[in-house]
Amino acid sequence: MATENSPLLKGTLDVLVLKTLSWGAMHGAEITAWLEARSSGHLDVEESALYHALHRMEERALIAAEWGLTDNNRRARYYKLTAAGRAHLRAEGARFIRYAEAVTSVLGATSRATS
């Protein structure tokens, strides 16, 4: 049985990228690889959406970027979390987890019972 990759729901990419960068500075391809590996290949991260999110978060000072060299000596922009980015990740991560738990509760319901 083949599994289908899921596109990211609107509003989730930023918090997922911030979580990824909480492990350390990474360039775009590393961010995509980490997200895809961590989701066992179930998340489909579009390159254009990723770079749009990175630029948006850099403008909001949630991340900072600097040029560096990859392991194979190619120039790439490396992104890292700022203090504001860490605070945003804590707040938005907690909000997203509450939302996901609520949706899971509804979808896992086995009876019509109401309180």
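Within the stretch 38-50, being assigned to a helix (DSSP H, G or I) and either among the basic types (Lys, Arg) or under 12 Å from the mean Cα position of the chain (by Cα) (or both) holds for ARG38, ALA49, LEU50.
If you filter the stretch 51-69 down to residues that are under 9 Å from ASP14 (Cβ atoms) and part of a helix (DSSP H, G or I), you find that the one that is farthest from the chain's Cα centre (by Cα) is ARG56.
So that you can scan it fast, the table gives a plain yes or no per residue for (1) of a type in the set (A, V, I, L, M); (2) in contact with a helix residue (DSSP H, G or I) (Cβ under 8 Å, 6 or more places away or on another chain); (3) closer than 26 Å to GLU30 by Cα:
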{"position": "ASN72", "(1), (2), (3)": "no, no, yes"}
{"position": "ALA76", "(1), (2), (3)": "yes, yes, yes"}
{"position": "LYS80", "(1), (2), (3)": "no, yes, yes"}
{"position": "GLY85", "(1), (2), (3)": "no, yes, yes"}
{"position": "PHE96", "(1), (2), (3)": "no, yes, yes"}
{"position": "VAL103", "(1), (2), (3)": "yes, no, no"}
{"position": "VAL106", "(1), (2), (3)": "yes, no, no"}
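Applying the set (1) in a helix (DSSP H, G or I); (2) surrounded by fewer than 11 Cβ atoms within 10 Å (Cβ to Cβ) to ILE97 leaves exactly one unmet item: (2).
Residues in the stretch 74-89 that are surrounded by 12 or more Cβ atoms within 10 Å (Cβ to Cβ) and either within 17 Å of the chain's Cα centre (by Cα) or assigned to a helix (DSSP H, G or I) (or both): TYR78, TYR79, LYS80, LEU81, THR82, ALA84, GLY85, ARG86, ALA87, HIS88, LEU89. A single entry from ASP44, ASP14, ASP71 fulfils the requirement of being charged (D, E, K, R), without any contact (Cβ under 8 Å) to a residue 60 or more places away in the chain and surrounded by 15 or more Cβ atoms within 10 Å (Cβ to Cβ): ASP44.
Which of the residues spanning the stretch 17-41 are of a type in the set (Ser, Thr, Tyr), in contact with a strand residue (DSSP E or B) (Cβ under 8 Å, 6 or more places away or on another chain) and free of Cβ contacts under 8 Å to residues at least 60 places away in the same chain? Once the filter is applied, which keeps residues that are of a type in the set (Ser, Thr, Tyr), in contact with a strand residue (DSSP E or B) (Cβ under 8 Å, 6 or more places away or on another chain) and free of Cβ contacts under 8 Å to residues at least 60 places away in the same chain, the stretch 17-41 yields only THR20. Is the stretch 50-57 home to any residue that is under 12 Å from VAL17 (Cβ atoms), surrounded by 15 or more Cβ atoms within 10 Å (Cβ to Cβ) and touching a strand residue (DSSP E or B) at 6+ places or on another chain (Cβ under 7 Å)? Scanning the stretch 50-57 turns up at least one residue that is under 12 Å from VAL17 (Cβ atoms), surrounded by 15 or more Cβ atoms within 10 Å (Cβ to Cβ) and touching a strand residue (DSSP E or B) at 6+ places or on another chain (Cβ under 7 Å).
Only the coordinates and a few stated rules stand behind these numbers; no lab work does. Being a predicted model, the structure only gives us computed values, none of them experimental. Neighbour counts are summed over all protein chains in view; Cβ atoms, including those assigned to glycine, are modelled from backbone coordinates with ideal geometry.
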